[in-house]
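Comments concern the structure below.
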Amino acid sequence: MRRERLLFDGWIAGVGTTSGTRLVLGRWPRSPFGAFSDVMVQHPDGQRVLLAPSDRVAEFVASTYTFDRVTVAPVTVETAGPGTDWRVTAGTLDLRLTPGRRTSLGWLLRAVPPSLARSRRWALLADVPARLLPGVRTTGSAGAGRREWYGARDMHTLRSAHAVMDGRDLGGLAPLAPPVTFGFASAPRTPALVRVTTTVQLPVGGGGSPT
């Protein structure tokens, strides 16, 4: 029996702050849930928080990754286009990001055909060099018996960031360190905006299909 595969196509931004709080933003223009964005937050004490825009998205993401607290609230990402600032609001979080130049790796990733980027074989191959970066993986086990893999297709630096959450200033841009622990993989230590296709393979019998 062929296992169902759910594809999420969009961008992931991994950001550290000078307060020690780390944030991972997912912006998904195309997904089984329609267009949505979500934010994963890990505080210096290790507490992991999911900010999701709906109960449906929250249920799926929280069963795929691990969190200590889940908050359902509107999540919006405003940007005027490529190279312009991103303003993210999610519940009590206000995050501003300034993308920078395309990295050398980003130029190489743009040459990868979309069909290849979605392939698990490609993810397994890419996982070998990815392991040279602390916490970074491209394939692994997720919650509820799921498998997951990432196919990166572009990468930009982040020139600046600033975040406020629960009325507290989290500070400016810093390395994403230590790695976040929501799942089997972390975003890179150097803050980056990555174009990515994420595939979640459900176990036989479903296990959380959006249908």
**Request:** Name the one entry in ALA142, ALA80, ALA163 that is at negative phi and touching a helix residue (DSSP H, G or I) at 6+ places or on another chain (Cβ under 9 Å).
**Result:** ALA142
**Asked** Taking the stated definitions as given, is ARG69 touching a residue at least 24 places away in the same chain (Cβ under 8 Å) and surrounded by fewer than 16 Cβ atoms within 10 Å (Cβ to Cβ)?
**Response** no
**Asked** Take the residues of the stretch 1-32 that are farther than 20 Å from ASP94 by Cα and assigned to a loop (DSSP other than H, G, I, E, B): which is least open to solvent (accessible area, probe 1.4 Å)?
**Response** SER31
**Prompt:** Just to be sure, is ALA62 within 16 Å of the chain's Cα centre (by Cα), under 18 Å from ILE12 (Cβ atoms) and surrounded by fewer than 19 Cβ atoms within 10 Å (Cβ to Cβ)?
**Reply:** yes
**Message:** Suppose we keep only residues that are surrounded by fewer than 21 Cβ atoms within 10 Å (Cβ to Cβ) and of a type in the set (Ser, Thr, Tyr) within the stretch 167-192. Which one would you say is nearest to ALA62 (Cα to Cα)?
**Reply:** THR181
**Request:** Considering only the stretch 72-99, state which residues are open to solvent by less than 40 Å² (accessible area, probe 1.4 Å) and at pLDDT below 95.
**Result:** GLY81
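Looking at VAL164, VAL136, which is the one that is in contact with a strand residue (DSSP E or B) (Cβ under 7 Å, 6 or more places away or on another chain), closer than 26 Å to ALA35 by Cα, surrounded by 13 or more Cβ atoms within 10 Å (Cβ to Cβ) and of a type in the set (Val, Ile, Thr)?
Result: VAL164 is the single residue among VAL164, VAL136 that is in contact with a strand residue (DSSP E or B) (Cβ under 7 Å, 6 or more places away or on another chain), closer than 26 Å to ALA35 by Cα, surrounded by 13 or more Cβ atoms within 10 Å (Cβ to Cβ) and of a type in the set (Val, Ile, Thr).
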**Selected residue (only one of THR66, THR98 is touching a Phe, Trp or Tyr at 6+ places or on another chain (Cβ under 9 Å), polar (S, T, N, Q) and part of a loop (DSSP other than H, G, I, E, B))** = THR66
**Prompt:** With respect to MET155, is the statement that it is modelled with pLDDT of 90 or more and open to solvent by less than 20 Å² (accessible area, probe 1.4 Å) true?
**Reply:** no
**Prompt:** Limited to the stretch 101-123, what total is found for residues that are surrounded by fewer than 15 Cβ atoms within 10 Å (Cβ to Cβ) and either without any contact (Cβ under 8 Å) to a residue 40 or more places away in the chain or in a strand (DSSP E or B) (or both)?
**Reply:** 9
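The values are calculated or read from the model by the stated rules, or taken from the named source; none is laboratory data. In this text, all values refer to a predicted model and were calculated from it rather than measured experimentally. Here the Cβ is made from the backbone with ideal geometry for all residues, glycine too, and neighbour counts use every protein chain on show. Only protein heavy atoms, including side chains, enter the accessible area calculation; ligands, DNA and RNA are left aside. Shrake-Rupley method; radii C 1.70, N 1.55, O 1.52, S 1.80 Å.
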